[in-house]
Amino acid sequence: MNIIVCIKQVPAKDAPLAISGNWIKESDIGFEMNEPDSYALEEALRLKEKHGGEVIALSMGPERVKQTIKEALAKGADRAIHVADDNFHQLDPLGSARALAAAIQKEKCDLVLTGLQSDDHGFGQTGVLLAGLLNLPHATLIMSIEAAEGKMKLKRELEAGWFQWIECPLPAVLSIQSGINKVRYATLKGIMAAKKKEIATVTRESLGVSAEATQRVEKIYVPVKSKQTEFLTGSAKEVAAKLVEKLKFEARVI
């Protein structure tokens, strides 16, 4: 089973973020693998160990993205594709999906895995858009994959603690839910082996896809913190009723 895993590099969780225009200032912060994508990578590696084949890590971004690609290779991915683009953060979800889909179409794969969403933008659209562009079946919120004889049995997480089992043919695109597995660490042996693994680099422009935006970010800002105190008067019963009303309609916590 040949599997492509889409991996995004995002700002580190503890990075001090400063806003610059309609994005963050990247010069003084660290980056890491998008956590939801790490679960997708782990699931791909487990499927390879069970069914054979290869795992291909696919990532888009500037030169620094190779750090995250090498991490995927060290964990067990067989090779990688880097779609080089210094301004990839300016792409909307459809523009990103078009570039990734063009790179995927050059490969022969049975399965494409993505994390459910990215830790930076959080749109949660990449997997769905990829499936549409590649004209492949798609399922989201995947908590279990059982593959056999050209099809898969999938467990999906629904609302309120409910789950759903479905069947899906191969090839397909799946969006993996965080927590589906326990992510492995890269071993010293894996780190050394990663140095010899192939990273094929292609520019986004060479893929010949449209970068015309269908949406744009108008503004990024830090929410303004404010404090306000209000005293409720009346009997205990009246105060309780007023408090419930404010919690329900103003604070919206109940």
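Answer yes or no as to whether Glu198 is acidic (Asp, Glu), within 34 Å of the chain's Cα centre (by Cα), surrounded by 10 or more Cβ atoms within 10 Å (Cβ to Cβ) and at pLDDT 90 or above. Here the answer is yes, as Glu198 does meet what is asked.
Of Ala236, Ala240, Ala213, all but one fail to be out of contact with any helix residue (DSSP H, G or I) (no Cβ under 6 Å at 6 or more places or on another chain) and closer than 30 Å to Leu133 by Cα; the exception is Ala213.
Yes/no matrix, rows are residues, columns are (1) of a type in the set (S, T, N, Q); (2) closer than 30 Å to Lys196 by Cα:
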position: Lys75; (1), (2): no, yes
position: Leu111; (1), (2): no, yes
position: Thr114; (1), (2): yes, yes
position: Leu134; (1), (2): no, no
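Here is a yes/no grid of residues against (1) surrounded by 23 or more Cβ atoms within 10 Å (Cβ to Cβ); (2) in contact with a strand residue (DSSP E or B) (Cβ under 9 Å, 6 or more places away or on another chain); (3) of a type in the set (D, E, K, R); (4) farther than 17 Å from Ser118 by Cβ:
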site: Gln9; (1), (2), (3), (4): yes, yes, no, no
site: Ala12; (1), (2), (3), (4): no, yes, no, no
site: Ile19; (1), (2), (3), (4): no, no, no, yes
site: Ile24; (1), (2), (3), (4): no, yes, no, no
site: Met33; (1), (2), (3), (4): yes, yes, no, no
site: Ala44; (1), (2), (3), (4): yes, yes, no, yes
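Scanning the stretch 51-99 for residues that are touching a strand residue (DSSP E or B) at 6+ places or on another chain (Cβ under 9 Å) and free of Cβ contacts under 8 Å to residues at least 24 places away in the same chain yields a single hit, Glu63.
Between Val244, Val224, Val253, Val183, the distinction of being on the phi < 0 side of the Ramachandran plot and surrounded by 13 or more Cβ atoms within 10 Å (Cβ to Cβ) belongs to Val183 only. Checked against (1) out of contact with any Asp or Glu (no Cβ under 9 Å at 6 or more places or on another chain); (2) more than 18 Å from Arg46 (Cβ to Cβ); (3) small (Gly, Ala, Ser); (4) surrounded by 14 or more Cβ atoms within 10 Å (Cβ to Cβ), Ser235 passes all but condition (4).
Table: residues versus (1) in a helix (DSSP H, G or I); (2) at pLDDT 95 or above; (3) among the aliphatic types (A, V, I, L, M); (4) over 12 Å from Val5 (Cα atoms).
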site	(1), (2), (3), (4)
Thr68	yes, yes, no, yes
Ala74	yes, yes, yes, yes
Ala80	no, yes, yes, no
Val83	no, yes, yes, yes
His89	yes, no, no, yes
Leu94	yes, no, yes, yes
Lys106	no, no, no, yes
Val112	no, yes, yes, no
Asp119	no, no, no, yes
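Scoring Ser144 on the criteria (1) over 18 Å from Lys8 (Cα atoms); (2) surrounded by 17 or more Cβ atoms within 10 Å (Cβ to Cβ); (3) under 21 Å from the mean Cα position of the chain (by Cα) leaves a single failure, condition (2).
In summary, Ala44 fulfils each of the numbered conditions (1) under 24 Å from Ser206 (Cα atoms); (2) assigned to a helix (DSSP H, G or I); (3) touching a Leu at 6+ places or on another chain (Cβ under 7 Å); (4) in contact (Cβ under 8 Å) with a residue 40 or more places away in the chain with the single exception of condition (1).
The values are calculated or read from the model by the stated rules, or taken from the named source; none is laboratory data. It should be emphasised that the depicted structure is a prediction, and the values quoted were computed from it without experimental measurement. Because the Cβ atoms are built from the backbone with ideal geometry, glycine has one as well, and the counts that use them run over all protein chains shown.
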